[in-house]
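Reviewing the structure listed below.
The values are calculated or read from the model by the stated rules, or taken from the named source; none is laboratory data. This is a predicted model, so every value here is computed, not measured. Backbone-built Cβ (ideal geometry, glycine too); neighbour counts: all protein chains shown. Please note that ligands, DNA and RNA were not included when accessible areas were found on the heavy atoms of the full protein model with its side chains. Shrake-Rupley method; radii C 1.70, N 1.55, O 1.52, S 1.80 Å.
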Amino acid sequence: MVALARLSSPDVISVAAVGSVSLIGVARAAGESMIVYKDANCGCCEAWANAMTNAGFTVTVKHADDLTALKAKYKIPAEMQGCHTAVSGPYIFEGHVPLEAVETVMNKRPDITGLAVPGMPAGSLGMGNDPQASYDVYSLSKDGKAEVFMSVRPS
């Protein structure tokens, strides 16, 4: 617990602002639905979907018989594919995209198709807790190009 009596006014304002940003992300997520398409036997995808639910998204999990066709439908480049595909509003979240990145997109509404974390990086959301996790999150443009949206690196 923070002892507010010991903090100066700018510190209190900073703490309040940080708290407000977190609440805005949760408030936005609470109003959003998300469909997660995954293999019926994949536990890491289930963990990722549960994290989205815990963040306030209304998540529907669908076990897809043909994830390859689904990824083709959403025009996800082969080199950007992960093990599950989520759709929320106009955005696609491919693979183990961190919650922070999902919330950023849902709050800022950039003009992109979505985000991707290719493969199944150890320590990514749903893939265990690895403090040495190191991977990139890519934005996918409407013309199929990918560029680094954020990097996850050890602290």
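Worth pointing out:
- Scanning the stretch 83-92 for residues that are in contact with a His (Cβ under 9 Å, 6 or more places away or on another chain) and either aromatic (Phe, Trp, Tyr) or surrounded by 21 or more Cβ atoms within 10 Å (Cβ to Cβ) (or both) returns a single hit, HIS84.
- Set side by side, the residues PRO121, PRO154 differ, and just one is open to solvent by less than 40 Å² (accessible area, probe 1.4 Å) and either of a type in the set (Phe, Trp, Tyr) or more than 20 Å from TYR91 (Cα to Cα) (or both), which is PRO121.
- Qualifying residue in the stretch 57-75 (condition: open to solvent by less than 10 Å² (accessible area, probe 1.4 Å) and among the β-branched types (Val, Ile, Thr)): no
- Filter pass, MET80 being over 15 Å from MET34 (Cα atoms) and open to solvent by 20 Å² or more (accessible area, probe 1.4 Å): no
- Checking each residue in the stretch 103-117 for being in a helix (DSSP H, G or I), buried (at least 19 other Cβ atoms within 10 Å of the Cβ) and without any contact (Cβ under 8 Å) to a residue 60 or more places away in the chain picks out only VAL105.
- Selection status of MET120, of a type outside the set (D, E, K, R), touching a residue at least 60 places away in the same chain (Cβ under 8 Å) and out of contact with any Cys (no Cβ under 9 Å at 6 or more places or on another chain): no
- Output for the stretch 123-155, where each listed residue is of a type in the set (A, V, I, L, M, F, W, C), part of a strand (DSSP E or B), free of Cβ contacts under 8 Å to residues at least 60 places away in the same chain and in contact with a Ser or Thr (Cβ under 7 Å, 6 or more places away or on another chain): PHE149, VAL152
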